1. Among the residues of the stretch 262-284, write down those that are open to solvent by 70 Å² or more (accessible area, probe 1.4 Å), without any contact (Cβ under 8 Å) to a residue 60 or more places away in the chain, not polar (S, T, N, Q) and not in a loop (DSSP other than H, G, I, E, B).
2. Which one is farthest from residue 200 (Cα to Cα) among residues in the stretch 170-183 that are open to solvent by 10 Å² or more (accessible area, probe 1.4 Å) and part of a helix (DSSP H, G or I)?
3. Working only within the stretch 184-210, note down all residues that are part of a helix (DSSP H, G or I) and either aliphatic (A, V, I, L, M) or under 15 Å from residue 96 (Cα atoms) (or both).
4. Please identify the pairs in which a residue from the stretch 200-219 that is among the basic types (Lys, Arg) has its Cβ atom under 6 Å from the Cβ atom of a residue that is surrounded by fewer than 18 Cβ atoms within 10 Å (Cβ to Cβ) and assigned to a loop (DSSP other than H, G, I, E, B), counting only partners at least 6 apart or on another chain.
5. Quick one: in the stretch 139-152, which of the residues that are open to solvent by less than 10 Å² (accessible area, probe 1.4 Å) and in contact with a Ser or Thr (Cβ under 8 Å, 6 or more places away or on another chain) is nearest to residue 207 (Cα to Cα)?
6. Is the stretch 259-266 home to any residue that is of a type in the set (S, T, N, Q) and modelled with pLDDT under 95?
7. Among the residues of the stretch 292-303, which ones are more than 21 Å from the chain's Cα centre (by Cα) and either of a type in the set (Ser, Thr, Tyr) or part of a helix (DSSP H, G or I) (or both)?
8. Look at the stretch 308-348 and say how many of its residues are more than 25 Å from the chain's Cα centre (by Cα) and either open to solvent by 50 Å² or more (accessible area, probe 1.4 Å) or modelled with pLDDT of 95 or more (or both).
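The values are calculated or read from the model by the stated rules, or taken from the named source; none is laboratory data. None of these values were measured; they are calculated from a predicted model. All Cβ positions, even for glycine, are placed from backbone atoms using ideal geometry, and neighbour counts span all protein chains on display. Heads up: the accessible areas ignore ligands, DNA and RNA and are worked out on the full protein's heavy atoms, side chains in. Shrake-Rupley method; radii C 1.70, N 1.55, O 1.52, S 1.80 Å.
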Amino acid sequence: MTVLDTPAWRPRTEAAPLLPDPEPYRLLGTPAAAELDPALLRTLYGQLVRGRRYNRQATALTKQGRLAVYPSSTGQEACEIAAALALRPRDWLFPSYRDTLAVVARGVDPVEALTLLRGDWHTGYDPHEHRVAPLSTPLATQLPHAVGLARAARLTGDDVVALAMVGDGGTSEGDFHEALNFAAVWQAPVVFLVQNNGFAISVPLAKQTAAPSFAHKAVGYGMPGRLVDGNDVAAVHEVLTEAVGRARDGGGPTLVEAVTYRMDAHTNADDATRYRDDDEVAAWRAHDPIDLLERELTGRGLLDDDVRRSAADEAETMAADLRERMNADPRLDPTELFAHVYAEPTQQLRQQEAQLRAELEAERQS
């Protein structure tokens, strides 16, 4: 017997069942779409229309000086909506900074979802109310948090599932590796959703990875990888729902790569014309997630003028409310900077708070 015959090197899992499909999975526009639930499709449509309007309104607020920054998810609405709707109320969503739309679709107040980006508060909403973790601006740091929560839930006998969202740029961070490795070893009930929108700010995909796809990386950790058309909301919803169900039933984590595209710039502070051309953007506009679903609904006789008008009116009502409330100047207490940093404030924090209070008092008296 040689060293290479000993059990230590032998694979724990057969690789073939973990490999993703060679092409992104699709439903809309295929024969399988005929089996999709009409009620679900209408719900997805309404949420997509609302989400597109939310993105446009938030972007406008940056131009009006009401938001410091906004990372738009226009073009990626299918991923955002599907992620929120694939979870049960008791499950947890771990978003990145671009995932405000998923946060709102999960039930968080639209204004509260933007409070962090306005610079008013650490998070802006109570994570426990809707089981949505704080929006994560540092890349991929939310992924180990999702694994920790899911692992703890299993240790206590809770069937909670965590769904963690990350962009393609976040997969280059060490937290991505650590989270997936721990999740697979522990068989933690986590679903990792990589929204591959082609660019990490201005860095194209080819400079991020040489792998066949991000979904292929799952094999190296010992979990299934799924590759899905990220603009096909029905396909993303189905894949995520299956992955969440598998995790809940004890099947462990899944890595899902949704191939999509960021129509707008990285944020309102970015000039996307410096690193991509108009023809590329135009090609992806022809694969718009709302248009894909509208064609399916129209072909099945499920979309008429009344349905369109109702969805548009609801979206406009939401936008008007968001606009009105964001135009009101908030009343802020600067000393709240020191709240919720630690359960027991450190001596340094107490000193800093005292210094700030003294400076504020001096300004009031001057």
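1. Our first condition is that a residue be open to solvent by 70 Å² or more (accessible area, probe 1.4 Å); within the stretch 262-284, this holds for 268-269, 271, 273-274, 277-279.
The next check asks that each one be without any contact (Cβ under 8 Å) to a residue 60 or more places away in the chain; those that pass are 271, 273, 277-279.
Next cut, not polar (S, T, N, Q) only: 271, 277-279.
Of everything in the stretch 262-284, those that are open to solvent by 70 Å² or more (accessible area, probe 1.4 Å), without any contact (Cβ under 8 Å) to a residue 60 or more places away in the chain, not polar (S, T, N, Q) and not in a loop (DSSP other than H, G, I, E, B) turn out to be 278, 279.
2. Result: 182.
3. Applying the first criterion (part of a helix (DSSP H, G or I)) to the stretch 184-210 yields 184-186, 205-207.
If the condition is that a residue be part of a helix (DSSP H, G or I) and either aliphatic (A, V, I, L, M) or under 15 Å from residue 96 (Cα atoms) (or both), then 184, 185, 205, 206 are the ones that fit.
4. 217/211
5. Residues of the stretch 139-152 open to solvent by less than 10 Å² (accessible area, probe 1.4 Å): 140, 142-143, 146-147, 150.
Now restrict to residues that are in contact with a Ser or Thr (Cβ under 8 Å, 6 or more places away or on another chain): 140, 142.
On the way: 140: 18, 142: 23 Å.
Per the criteria, the residue is 140.
6. To start, the set of residues in the stretch 259-266 that are of a type in the set (S, T, N, Q) comprises 260.
Those left that are additionally modelled with pLDDT under 95: none.
No, the stretch 259-266 contains no residue that is of a type in the set (S, T, N, Q) and modelled with pLDDT under 95.
7. Taking the stretch 292-303 first, the residues more than 21 Å from the chain's Cα centre (by Cα) are 294-303.
Of everything in the stretch 292-303, those that are more than 21 Å from the chain's Cα centre (by Cα) and either of a type in the set (Ser, Thr, Tyr) or part of a helix (DSSP H, G or I) (or both) turn out to be 294, 295, 296, 297, 298, 299.
8. Residues of the stretch 308-348 that are more than 25 Å from the chain's Cα centre (by Cα), as a first pass: 308-310, 313, 324, 327-339, 342-348.
Still in the running and either open to solvent by 50 Å² or more (accessible area, probe 1.4 Å) or modelled with pLDDT of 95 or more (or both): 308-310, 313, 324, 327-334, 336-337, 342-348.
The qualifying residues number 22.
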